[in-house]
Amino acid sequence: FRRQLVALDTIVGRAAYRVRGRDPETRPDAPEMLESVVGGTAVDEEGRGQITGHYAGPVTRALAFVADIAFVWIGFLLIGFGLAFIVELFSSLDVESGVQSIVALLVLVSWSFAYHVVSYSVAGKTAGMSVLGLRVLNRQGEVLNGRQALVRTLTLPVSVGFFGLGCLGILFGPERRGFHDAAAGSVVVYDWGDRPAEMPAPITAWIADKATG
(Lines give C-alpha, C1' and ligand atoms only; values in the text may rest on other atoms or scores of the structure.)
Protein backbone atom coordinates (compact mmCIF):
# COMPACT_ATOMS: atom_id res chain seq x y z
CA PHE A 1 0.00 0.00 0.00
CA ARG A 2 2.80 2.41 0.87
CA ARG A 3 4.58 1.61 -2.39
CA GLN A 4 1.46 2.46 -4.38
CA LEU A 5 1.20 5.78 -2.56
CA VAL A 6 4.84 6.48 -3.40
CA ALA A 7 4.00 5.81 -7.04
CA LEU A 8 1.19 8.40 -6.86
CA ASP A 9 3.52 10.82 -5.07
CA THR A 10 6.02 10.44 -7.87
CA ILE A 11 3.55 10.92 -10.71
CA VAL A 12 1.76 13.87 -9.11
CA GLY A 13 5.01 15.47 -7.95
CA ARG A 14 6.69 15.23 -11.35
CA ALA A 15 3.60 16.60 -13.12
CA ALA A 16 3.37 19.55 -10.71
CA TYR A 17 7.06 20.34 -11.09
CA ARG A 18 6.70 20.28 -14.86
CA VAL A 19 3.71 22.64 -14.63
CA ARG A 20 6.04 25.01 -12.79
CA GLY A 21 8.28 24.94 -15.84
CA ARG A 22 11.04 22.89 -14.23
CA ASP A 23 12.58 19.63 -15.37
CA PRO A 24 11.59 16.91 -12.84
CA GLU A 25 15.00 15.29 -13.33
CA THR A 26 16.63 18.31 -11.68
CA ARG A 27 14.51 18.11 -8.55
CA PRO A 28 16.60 16.95 -5.57
CA ASP A 29 15.64 13.57 -4.14
CA ALA A 30 16.76 14.19 -0.57
CA PRO A 31 18.01 17.07 1.62
CA GLU A 32 21.62 17.93 0.92
CA MET A 33 22.42 17.86 4.64
CA LEU A 34 21.06 14.31 4.80
CA GLU A 35 23.28 12.89 2.07
CA SER A 36 25.51 11.10 4.56
CA VAL A 37 22.45 9.66 6.28
CA VAL A 38 20.47 8.72 3.18
CA GLY A 39 23.23 7.54 0.91
CA GLY A 40 22.72 7.06 -2.80
CA THR A 41 19.58 5.83 -4.50
CA ALA A 42 19.81 2.06 -4.91
CA VAL A 43 17.67 -0.50 -6.73
CA ASP A 44 17.05 -3.90 -5.12
CA GLU A 45 17.06 -7.26 -6.89
CA GLU A 46 13.36 -6.86 -7.72
CA GLY A 47 13.92 -3.51 -9.40
CA ARG A 48 12.43 -1.37 -6.65
CA GLY A 49 14.06 1.98 -5.97
CA GLN A 50 15.15 2.47 -2.37
CA ILE A 51 13.97 5.88 -1.19
CA THR A 52 14.44 5.95 2.57
CA GLY A 53 15.22 9.56 3.51
CA HIS A 54 13.89 11.00 0.27
CA TYR A 55 11.46 13.92 0.32
CA ALA A 56 7.92 12.64 0.89
CA GLY A 57 5.32 13.46 -1.74
CA PRO A 58 1.93 15.16 -1.51
CA VAL A 59 -0.39 12.15 -1.61
CA THR A 60 1.22 10.30 1.29
CA ARG A 61 1.53 13.50 3.31
CA ALA A 62 -2.12 14.40 2.73
CA LEU A 63 -3.29 10.97 3.87
CA ALA A 64 -1.05 11.18 6.94
CA PHE A 65 -2.66 14.52 7.79
CA VAL A 66 -6.15 13.00 7.46
CA ALA A 67 -5.08 10.07 9.65
CA ASP A 68 -3.80 12.52 12.27
CA ILE A 69 -7.15 14.29 12.30
CA ALA A 70 -8.79 10.93 13.01
CA PHE A 71 -6.31 10.13 15.80
CA VAL A 72 -6.82 13.58 17.36
CA TRP A 73 -10.59 13.14 17.35
CA ILE A 74 -10.39 9.65 18.81
CA GLY A 75 -8.11 10.90 21.57
CA PHE A 76 -10.39 13.88 22.19
CA LEU A 77 -13.43 11.65 22.54
CA LEU A 78 -11.63 9.35 24.96
CA ILE A 79 -10.42 12.32 27.02
CA GLY A 80 -13.93 13.82 26.97
CA PHE A 81 -15.59 10.62 28.11
CA GLY A 82 -12.96 10.23 30.83
CA LEU A 83 -13.42 13.77 32.13
CA ALA A 84 -17.21 13.47 32.03
CA PHE A 85 -17.05 10.20 33.98
CA ILE A 86 -14.80 11.74 36.65
CA VAL A 87 -17.03 14.80 37.02
CA GLU A 88 -20.16 12.68 37.32
CA LEU A 89 -18.46 10.32 39.73
CA PHE A 90 -17.22 12.91 42.20
CA SER A 91 -19.74 15.73 41.85
CA SER A 92 -23.25 16.60 40.82
CA LEU A 93 -22.35 19.68 38.78
CA ASP A 94 -24.91 20.88 36.29
CA VAL A 95 -22.91 22.85 33.74
CA GLU A 96 -24.65 24.92 31.09
CA SER A 97 -24.30 23.72 27.50
CA GLY A 98 -22.48 26.92 26.47
CA VAL A 99 -19.84 26.40 29.12
CA GLN A 100 -19.55 22.75 28.11
CA SER A 101 -18.88 23.78 24.52
CA ILE A 102 -16.13 26.19 25.56
CA VAL A 103 -14.51 23.58 27.79
CA ALA A 104 -14.73 20.98 25.01
CA LEU A 105 -13.07 23.38 22.55
CA LEU A 106 -10.26 24.14 24.99
CA VAL A 107 -9.69 20.42 25.58
CA LEU A 108 -9.64 19.74 21.82
CA VAL A 109 -7.15 22.53 21.09
CA SER A 110 -4.92 21.57 24.04
CA TRP A 111 -4.94 17.89 23.10
CA SER A 112 -4.22 18.58 19.42
CA PHE A 113 -1.39 20.93 20.38
CA ALA A 114 0.19 18.41 22.77
CA TYR A 115 -0.29 15.55 20.27
CA HIS A 116 1.75 17.31 17.58
CA VAL A 117 4.43 18.97 19.71
CA VAL A 118 5.25 15.81 21.67
CA SER A 119 5.12 13.61 18.56
CA TYR A 120 7.48 15.87 16.60
CA SER A 121 10.00 16.38 19.40
CA VAL A 122 10.03 12.87 20.89
CA ALA A 123 9.38 10.41 18.06
CA GLY A 124 9.89 12.58 14.99
CA LYS A 125 6.50 11.50 13.69
CA THR A 126 2.86 11.54 14.62
CA ALA A 127 0.71 8.42 14.69
CA GLY A 128 -0.61 9.26 11.22
CA MET A 129 2.91 9.71 9.88
CA SER A 130 3.94 6.42 11.43
CA VAL A 131 1.09 4.56 9.70
CA LEU A 132 1.95 6.08 6.31
CA GLY A 133 5.73 5.69 6.72
CA LEU A 134 6.85 9.30 7.15
CA ARG A 135 9.20 11.11 9.48
CA VAL A 136 9.75 14.80 10.16
CA LEU A 137 13.34 15.90 10.78
CA ASN A 138 15.43 19.02 10.78
CA ARG A 139 17.77 19.57 7.86
CA GLN A 140 20.64 17.90 9.73
CA GLY A 141 18.66 14.64 9.86
CA GLU A 142 17.77 14.90 13.54
CA VAL A 143 14.47 14.92 15.41
CA LEU A 144 13.10 18.43 15.86
CA ASN A 145 13.94 20.21 19.09
CA GLY A 146 11.24 21.70 21.27
CA ARG A 147 11.29 25.11 19.61
CA GLN A 148 11.09 23.68 16.10
CA ALA A 149 8.28 21.32 17.12
CA LEU A 150 6.40 24.26 18.64
CA VAL A 151 6.83 26.44 15.55
CA ARG A 152 5.76 23.65 13.20
CA THR A 153 2.66 22.94 15.29
CA LEU A 154 1.63 26.59 15.45
CA THR A 155 2.16 27.23 11.73
CA LEU A 156 0.54 24.01 10.46
CA PRO A 157 -3.00 25.49 10.72
CA VAL A 158 -1.75 28.53 8.77
CA SER A 159 -0.53 26.27 5.96
CA VAL A 160 -3.75 24.27 5.84
CA GLY A 161 -5.96 27.36 6.16
CA PHE A 162 -6.60 29.82 3.35
CA PHE A 163 -7.47 26.99 0.96
CA GLY A 164 -4.22 25.17 1.65
CA LEU A 165 -2.07 27.83 0.02
CA GLY A 166 0.67 27.22 2.57
CA CYS A 167 0.97 23.63 1.34
CA LEU A 168 1.61 24.50 -2.31
CA GLY A 169 5.34 24.18 -1.70
CA ILE A 170 4.82 20.45 -1.12
CA LEU A 171 3.60 20.21 -4.71
CA PHE A 172 5.75 22.76 -6.51
CA GLY A 173 8.77 23.41 -4.31
CA PRO A 174 12.08 21.68 -4.99
CA GLU A 175 12.28 20.42 -1.40
CA ARG A 176 8.56 19.63 -0.99
CA ARG A 177 8.31 21.96 2.01
CA GLY A 178 5.13 23.66 3.10
CA PHE A 179 5.04 26.99 4.91
CA HIS A 180 5.14 25.18 8.27
CA ASP A 181 8.25 23.26 7.17
CA ALA A 182 10.02 26.43 6.09
CA ALA A 183 9.09 28.18 9.35
CA ALA A 184 10.31 25.32 11.52
CA GLY A 185 13.33 24.35 9.43
CA SER A 186 11.91 20.86 8.94
CA VAL A 187 11.68 18.33 6.13
CA VAL A 188 9.41 15.32 5.75
CA VAL A 189 10.99 12.14 4.42
CA TYR A 190 10.04 8.54 3.82
CA ASP A 191 10.93 6.29 6.75
CA TRP A 192 9.45 2.81 7.03
CA GLY A 193 11.34 1.82 10.16
CA ASP A 194 13.19 -1.49 9.85
CA ARG A 195 12.06 -1.89 6.24
CA PRO A 196 13.51 0.19 3.41
CA ALA A 197 11.11 2.65 1.81
CA GLU A 198 10.60 1.63 -1.81
CA MET A 199 9.14 2.70 -5.12
CA PRO A 200 7.35 0.07 -7.24
CA ALA A 201 9.60 -1.48 -9.87
CA PRO A 202 7.63 -0.06 -12.86
CA ILE A 203 7.90 3.50 -11.50
CA THR A 204 11.60 2.98 -10.80
CA ALA A 205 12.17 1.80 -14.38
CA TRP A 206 10.06 4.67 -15.77
CA ILE A 207 12.10 7.29 -13.87
CA ALA A 208 15.36 5.68 -15.00
CA ASP A 209 14.13 5.75 -18.59
CA LYS A 210 13.21 9.44 -18.29
CA ALA A 211 16.59 10.24 -16.78
CA THR A 212 18.51 8.54 -19.60
CA GLY A 213 16.10 9.57 -22.37
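Which one of LEU137, TYR120, ALA84 is farthest out on the positive end of the charge dipole of the chain, using unit charges on Cβ (Lys, Arg +1; Asp, Glu -1) and the Cα centre as origin?
LEU137
Could you tell me the relative contact order of the chain? Use alpha-carbon pairs under 8 Å, at least six residues apart, and round to a whole percent. The partial results should precede the final answer.
On the way: 288 pairs, mean separation 69.1, N = 213.
Relative contact order comes out at 32 percent.
Per DSSP helix of 4 or more residues, -39500 (n - 2.57); summed, then divided by the residues of the chain. What does that give at 222 nm, rounded to the nearest 500? Write out the running numbers ahead of the final one.
Working: 9 runs with 125 residues, N = 213.
Counting only the DSSP helices, I get -19000 deg cm²/dmol.
Give, rounded to the nearest 20 debye, the magnitude of the charge dipole that region 126-213 has about its Cα centre when Lys and Arg contribute +1 at Cβ and Asp and Glu contribute -1 at Cβ.
Dipole of region 126-213, to the nearest 20 debye: 220 debye.
Would you mind working out the accessible area per residue for the chain, using a 1.4 Å probe, and quoting it in Å²? List each step's numbers first, then the result.
Numbers: 11820 Å² over 213 residues.
Each residue of the chain exposes 55 Å² on average to a 1.4 Å probe.
Over region 112-154, what per residue volume does the convex hull of the Cα atoms give, in whole Å³?
62 Å³
When the accessible area of the chain is computed with all protein chains present and a 1.4 Å probe, what percentage of it is carbon and sulfur?
66 percent
Largest first and in whole Å, give the semi-axes of the chain's equivalent ellipsoid, each being the square root of 5 times a Cα gyration tensor eigenvalue.
38, 17, 15
Convex hull over the Cα atoms of region 40-91, averaged projected area in nm²?
6.0 nm²
Whose amide H sits under 5 Å from the amide H of LEU144, counting only residues 5 or more places off or on another chain, with H placed in the peptide plane?
Counting only residues 5 or more places away or on other chains, the set is ASN138.
What does the charge dipole of the chain about its Cα centre add up to, to the nearest 20 debye, if the Cβ of each Lys and Arg holds +1 and the Cβ of each Asp and Glu holds -1?
Result for the chain is approximately 500 debye, rounded to the nearest 20.
According to a simple spin-label model (label point 7 Å from Cα along Cα-to-Cβ), what is the distance in nm between GLU46 and LEU77?
Taking the simple label geometry, LEU77 and GLU46 are separated by 3.5 nm.
Can you work out ³J(HN,Hα) from phi for every residue in region 184-189, in order, using Karplus 6.51 cos²θ - 1.76 cosθ + 1.60 and θ = phi - 60°, giving whole Hz and x for Gly and Pro?
In residue order, the calculated couplings are 8, x, 10, 9, 10, 10 Hz.
Answer with one residue from ALA15, HIS180, TYR190: the one whose Cα lies farthest towards the positive end of the charge dipole of the chain, charges on Cβ with Lys, Arg +1 and Asp, Glu -1.
ALA15
Hey, with R₀ at 25 Å, roughly what FRET efficiency would ILE86 and LEU154 work out to, going by the Cβ-Cβ distance, to 0.05?
0.25
Projected area of region 120-213, taken from the Cα convex hull and averaged over every viewing direction, in nm²?
On the way: hull surface 29.9 nm².
Seen from a random direction, the Cα hull of region 120-213 projects 7.5 nm² on average.
For GLU198, enumerate residues with amide H under 5 Å from its amide H, sequence gap 5+ or separate chain, H modeled in the peptide plane.
Here ILE51 satisfy the definition.
How far apart, in nm, are two points set 7 Å out from the Cα along the Cα-to-Cβ line at LEU165 and at ILE69?
Result: 2.0 nm between the two label points.
Rounded, prolate or oblate: pick one for region 165-213, where a ≥ b ≥ c are the square roots of the eigenvalues of its C-alpha gyration tensor, a/c under 1.5 means rounded, and failing that, prolate if a/b is larger than b/c, else oblate.
oblate
The values are calculated or read from the model by the stated rules, or taken from the named source; none is laboratory data. Computed from a prediction, not measured in an experiment: that's the story for all the values here. Counting neighbours? That spans all protein chains shown, and the Cβs are built from the backbone with ideal geometry, glycine included. What goes into the accessible areas is simple: the full protein's heavy atoms, side chains included, and nothing from ligands, DNA or RNA. Shrake-Rupley method; radii C 1.70, N 1.55, O 1.52, S 1.80 Å.
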